[in-house]
Amino acid sequence: MRLLHLELQRERGSQQPAVYNDLHRQSNQRSHRVASSRQTPRRFAVGSEHSGVAIRDAGDSGTLVEVRRNPARSSARLRPEPRPLHPRSAEAMKTLFADTFFFLALLNANDEAHERARAACAQPGQRLVTTAWIINEVADGLARIPNRTGVIEFLNALKDDPEMEIIVPSRELLEAGINLYSRHADKEWTLTDCVSFVAMKEERISEALTGDPHFEQAGFKALLK
C-alpha cells in the first residue's frame, strides 16, 4: 500500500516533523475524546437506502466520469482505474474503514499510534475505504505552510492508491449523516463521525482503523486502541 511509505518531513535541525505541533494538538483532542467518552457501545440502524452514482478516474486526464448508478448506495466513489481480480481474490479482500485518527498517526512518526497504524497498513489482502469528509479533516488540520508539500503528496497517494476507495459527497449521504447526528443528542459524535458511520453501514464494514471510542459507541470495532 503506497500510504505505508508516507511520512511528513522533519524540519531542518529538528527532531520533530514540521507538522508535529498540529498533529500533537489533534492527538490531544483525540485523547480528550477518549477520556470523556466512556459510554456503553450502542448499535443503531441507518433508516433507508438511496440511489447514488459510482464514478472512477478516466485516466491520466484526471477527468471523472459516470460509470454506473447503484440504487442500493447513497454515495459516489472516487477511485483509480480498477484492476481485475480473480473472484477468489476479491472475496478474500478484507475491507476496513480509514478514520482521521489513522491518517494522522500514519503521517506523524511521533504519534503514539504510529507503529500500529503502519502495521495495520502493511497487512496484505485488504482494501481501505474512507470519505471525503475524513480527507478534509486531515488536510484542513495540516494546512500550515510548512506541512503543505507533505500533505499534497499524501493526497495524491490517496487518489492514486488502487487499494484505497474514497466515498465522495452526495446529498443523500449528508442528509443521512445529519439525521443520525440529530438522533444522538446524548453523544459527542461529530457530523464527520456520523457520515462515517452511515458509510460503514452501507458498505457493510464492521472494523475501522481508529482509536476513537465513538466508533465503538456506534457498534464498530476500533482496531488502533
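Taken together, LYS187, LYS221 contain a single residue that is more than 14 Å from the chain's Cα centre (by Cα) and over 18 Å from VAL129 (Cβ atoms), which is LYS187.
For (1) under 19 Å from PRO162 (Cβ atoms); (2) among the charged types (D, E, K, R); (3) not in a loop (DSSP other than H, G, I, E, B), each residue gets a yes or a no:
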site: PHE97; (1), (2), (3): yes, no, yes
site: PHE102; (1), (2), (3): yes, no, yes
site: ASN110; (1), (2), (3): no, no, no
site: PRO124; (1), (2), (3): yes, no, no
site: ARG127; (1), (2), (3): yes, yes, yes
site: ILE135; (1), (2), (3): yes, no, yes
site: VAL138; (1), (2), (3): no, no, yes
site: ALA143; (1), (2), (3): no, no, no
site: ARG148; (1), (2), (3): no, yes, yes
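The residues of the range 137-166 that are closer than 16 Å to PHE97 by Cβ and out of contact with any Phe, Trp or Tyr (no Cβ under 9 Å at 6 or more places or on another chain), listed by number, are ASP161, GLU163, MET164, GLU165, ILE166. Kindly establish whether ILE145 is touching an Asp or Glu at 6+ places or on another chain (Cβ under 8 Å) and modelled with pLDDT of 90 or more. Answer is no for this residue.
Looking across the range 103-153, just one residue is of a type in the set (Ser, Thr, Tyr) and surrounded by fewer than 21 Cβ atoms within 10 Å (Cβ to Cβ), and that is THR149. Filtered by the rule that a residue be within 12 Å of LEU96 (Cβ to Cβ) and touching a Leu at 6+ places or on another chain (Cβ under 7 Å), the range 206-225 gives GLU207, ALA208, LEU209, THR210, LEU223, LEU224. Of the residues that make up the range 177-191, is at least one surrounded by fewer than 19 Cβ atoms within 10 Å (Cβ to Cβ), closer than 21 Å to LEU96 by Cβ and at pLDDT 95 or above? Looking for residues that are surrounded by fewer than 19 Cβ atoms within 10 Å (Cβ to Cβ), closer than 21 Å to LEU96 by Cβ and at pLDDT 95 or above, one finds at least one in the range 177-191, hence yes. Take the conditions (1) within 28 Å of MET93 (Cα to Cα); (2) in a loop (DSSP other than H, G, I, E, B); (3) not β-branched (Val, Ile, Thr); ALA185 misses just one of them, which is (1).
The values are calculated or read from the model by the stated rules, or taken from the named source; none is laboratory data. Just so you know, these numbers come straight off a predicted model, no measurement behind them. Backbone-built Cβ (ideal geometry, glycine too); neighbour counts: all protein chains shown.
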